[in-house]
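The values are calculated or read from the model by the stated rules, or taken from the named source; none is laboratory data. Not measured: the values here are computed from a predicted model. Don't worry about glycine lacking a Cβ; one is built from the backbone with ideal geometry, like all the others, and counts go over all protein chains shown. Note: areas computed on protein heavy atoms with side chains; ligands, DNA, RNA excluded. Shrake-Rupley method; radii C 1.70, N 1.55, O 1.52, S 1.80 Å.
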Amino acid sequence: MATSRELEHAALEWTRAELVRIWAELKLGNRIPGWDPGRAFEYLVIRAFHLEAPTDTRWPYIVTIPRQRLGSVEQIDGIVYVDGVAFLIESKARDEPTAIDAIAKLRFRLEGRPPGTMGLLFSLRDYTTATELFAQFAVPLNVLLWSAGDLDKALEHGTMISSLRDKYRHAVEQGWAYHTL
C-alpha cells in the first residue's frame with residue numbers, strides 16, 4: 001500500500017485533463033490502477049483545488065495526539081484556504097448516495113476547529129434526502145455540499161475556487177448549504 005506522501009506525489013502529476021478522465025472513470029465505478037477508489041477521489045478533489053491554488057491546499061493527513069499516546073484520532077481528506085476561510089474537506093466515494101453520518105462526522109470535526117472553519121462534503125453519488133435536509137437546517141450552517149454535477153462543471157472548466165466562492169456566497173446570502181452550480 002502506498003504512503004500518503006507517495007499518493008500525493010502521484011497526484012501532483014495529474015493534469016486537468018487527467019482529472020477529468022479519472023473523474024469519469026470513478027463515476028462509472030471503474031478502479032484507477034494503483035488507487036483505492038476512496039483515496040483516488042480524495043486526492044482528485046485536492047489536486048483540483050491545488051491546480052488553482054497550490055499554496056492554499058493541504059493534502060490528506062492523519063491527526064495524532066502524541067502527548068496522550070492516543071495515536072491517530074482522525075483522518076482529514078484535505079483542506080483548502082480561500083479568501084481567509086479554511087474549508088475542511090470530506091470526500092465520499094460510495095456506491096450509494098452519501099448518508100447523514102458523513103455530514104454529522106464532518107460537523108463534529110468542525111467543532112474542534114477555530115470558529116469560522118467551514119466544511120466541504122464531496123459525494124460521488126450525491127446525497128440522501130436526509131443528508132440534504134440535515135445540511136440545510138443544522139445550526140450553524142457550516143458545511144457546503146458538492147454534488148457530482150457540481151464537480152463535473154468545476155473540473156471541466158477549471159473553476160474549483162470560483163465555484164467554491166459561488167457556493168459560499170449563496171450560503172451567506174440565501175442560507176442554503178446545497179447550491180448547485
Next on the checklist: Looking only at the stretch 28-44, filter to residues that are of a type outside the set (G, A, S) and part of a helix (DSSP H, G or I); which one of those is nearest to D95 (Cα to Cα)?
Outcome noted: P37
Checklist entry - How about the stretch 158-170: which of its residues are part of a helix (DSSP H, G or I) and either within 21 Å of P54 (Cα to Cα) or open to solvent by 60 Å² or more (accessible area, probe 1.4 Å) (or both)? => result M160, I161, S162, S163, L164, R165, D166, K167, Y168, R169
Next on the checklist: Condition first: over 20 Å from A93 (Cα atoms) and either surrounded by 13 or more Cβ atoms within 10 Å (Cβ to Cβ) or charged (D, E, K, R) (or both). Now tell me which residues in the stretch 51-62 satisfy that.
Outcome noted: L51, E52, A53, D56, T57
Checklist entry - Just a yes or no: is a residue in the stretch 94-105 modelled with pLDDT of 95 or more, of a type outside the set (F, W, Y) and under 26 Å from T15 (Cβ atoms)? => result no
Next on the checklist: When the residues of the stretch 43-70 are narrowed to those that are within 23 Å of L155 (Cβ to Cβ) and among the aliphatic types (A, V, I, L, M), which ends up modelled with the lowest pLDDT?
Outcome noted: A53
Checklist entry - Looking at (1) within 16 Å of the chain's Cα centre (by Cα); (2) within 23 Å of A53 (Cα to Cα); (3) open to solvent by 30 Å² or more (accessible area, probe 1.4 Å), can you tell me which one V143 breaks? => result (3)
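Within the stretch 84-157, considering only helices (runs of 4 or more DSSP H) that don't extend past its boundaries, which have at least 1 residues that are among the β-branched types (V, I, T)?
In the stretch 84-157, the matching helices (runs of 4 or more DSSP H) lie at 100-111, 129-137.
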Checklist entry - Is it the case that E173 is more than 13 Å from the chain's Cα centre (by Cα), open to solvent by 40 Å² or more (accessible area, probe 1.4 Å) and within 17 Å of D101 (Cβ to Cβ)? => result no
Checklist outcome for this item: In the stretch 1-27, residues that are at pLDDT 95 or above, in a loop (DSSP other than H, G, I, E, B) and surrounded by fewer than 15 Cβ atoms within 10 Å (Cβ to Cβ) total 3
Checklist outcome for this item: Residue count, the stretch 84-136, condition in contact with a Pro (Cβ under 6 Å, 6 or more places away or on another chain) and open to solvent by 50 Å² or more (accessible area, probe 1.4 Å), comes to 2
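Given the criteria open to solvent by 50 Å² or more (accessible area, probe 1.4 Å) and either out of contact with any Lys or Arg (no Cβ under 7 Å at 6 or more places or on another chain) or part of a strand (DSSP E or B) (or both), does V73 qualify? Steps first, please.
Details: open to solvent by 50 Å² or more (accessible area, probe 1.4 Å): yes; either out of contact with any Lys or Arg (no Cβ under 7 Å at 6 or more places or on another chain) or part of a strand (DSSP E or B) (or both): yes.
Yes; evaluated as a whole, the condition is true for this residue.
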Checklist entry - List pairs: first in the stretch 163-174 and touching a residue at least 12 places away in the same chain (Cβ under 8 Å), second of a type in the set (K, R), Cβ under 9 Å, 6+ apart or cross-chain? => result S163/K153
